[in-house]
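Note sheet for the following structure.
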Amino acid sequence: MKVVLFCGGLGLRMREESTRLPKPMIPLGDRPILWHIMKYYSSFGCRDFVLCLGYKAEVIKQYFLDYNEALTNDFVLRDGGKTVELLGSDTHDWSMTFVNTGLNSTIGERLKAVEPYLEGEEVFLATYGDGLTDAPLRDMIDTLTARAKTALFLCVRPTHQFHVVSLRDGNGVEAIRDVGDADLWINGGFFVFRREILDHLGPGEDLVGHAFPRLIAEDKVIAYPYKGFWAPMDTLKDKQTLETLLESGEPPWASPRGLERQDATPTG
């Protein structure tokens, strides 16, 4: 099962970092967040990636062209340095298709641009290059495929701290409460799509802004509400939070939920 990764945005909310790196390449530990996202999918057997590139595409391409698993895994060196036996591995079974999809393209345009690389995929996955979760991916896939729906998206609680205000009679305030106490859900950016989603994207259209409202009107979109771990990397504070989790040695996204339900046969 293929995974489409939207890696082309400018990352304006992290301008201090993204002036030199595309946002998906901003490091968490000794690897970029993009690698951690791909590792999440690969843990479920989904290892065929289509990368929608844009801003600083060459940085992403060069990183993987230069990637040497021996530098990030233990190994045994033999024959005077001629033979390297890896004791661990992380990317050797990944397939990665790199596609330039435009500098200022919408997510919908990027998805349409990689349509030729999704041939034969009746169901595929997609996400942005700046968020992590431990959501049970297999159950998300099963939830969509068990229904006559076109799209499923991870639905999560907001993580940033702010207060929600309820207004009354113009300037009147009915209530003010922490966002955590409000019944708010947001798009978590992890999607499961049937191939027909591509038929609902017109020229210049966005995915969530244009295609989703039409599909929702047809009752073709479902949410997957999830209260487990989910975190964006929109700010330096977000980055520091994720790095703290990584340094703990047991970051949630490295051991996602639902792995015990995996079949012996990989899903893609």
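Readers should treat all values here as calculations from the given coordinates under stated rules, not as data from a laboratory. Note that the structure is predicted; figures quoted are calculated from it, not measured. For neighbour counting, all protein chains shown are included, and Cβ atoms are generated from backbone atoms with ideal geometry for every residue, glycine included.
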Qualifying trypsin sites (Lys or Arg not before Pro) for segment 147-236 [loop in DSSP, other Cβ within 10 Å: at most 10]: Lys227
Assign one of three labels to the chain, namely rounded, prolate or oblate, based on the Cα gyration tensor with a ≥ b ≥ c the square roots of its eigenvalues; rounded applies when a/c is under 1.5, prolate when it is not and a/b is larger than b/c, and oblate otherwise. prolate
Loop-only check: which GluC sites (Glu not before Pro) in segment 89-147 are DSSP coil with at most 14 other Cβ within 10 angstrom? Glu119, Glu122
Please list, by residue number, everything in segment 91-123 whose backbone N is under 20 Å from a paramagnetic label point 7 Å out along Cα→Cβ of Lys61. 95-106, 110-118
Among the DSSP beta bridges whose two residues both lie in the chain, what percent are antiparallel, rounded to the nearest 5? 55 percent
Calculate how large, on average over all directions, the projected area of the Cα convex hull of segment 118-268 is; give the answer in nm² to one decimal. 12.7 nm²
Which one of Phe75, Gly9, Leu154 is farthest out on the positive end of the charge dipole of segment 2-261, using unit charges on Cβ (Lys, Arg +1; Asp, Glu -1) and the Cα centre as origin? Gly9
Put a dot 7 Å past each Cα toward the Cβ at Ile176 and Leu86; how far apart are the dots in nm? 5.4 nm
Exceeding 29 Å between C-alpha atoms, which entries from my cross-link table qualify? They are Lys39/Lys61; Lys61/Lys237; Lys112/Lys149; Lys23/Lys82. Lys23/Lys82
Order of Tyr40, Tyr67 from fewest to most other C-beta atoms within 10 Å? Tyr67, Tyr40
Only Lys, Arg (+1) and Asp, Glu (-1) charged, at Cβ; the chain dipole about Cα centre in debye: 300 debye
222 nm mean residue ellipticity, helices alone, for the chain (DSSP H n ≥ 4; -39,500 (n - 2.57); rounded to 500): -5500 deg cm²/dmol
Using only the alpha carbons, work out the radius of gyration and Dmax of segment 51-191 in angstrom. 22.2, 81
Straight-line reach from Lys56: which aspartates and glutamates have a Cα under 14 Å away, not including same-chain ones fewer than 8 places off? Glu17
Degrees between helix 33-42 axis and first principal axis of the chain (Cα, 0 to 90, nearest 10): 80 degrees
Under 8 Å for C-alpha pairs, at least 6 residues apart: give me the relative contact order for the chain, rounded to a whole percent. 26 percent
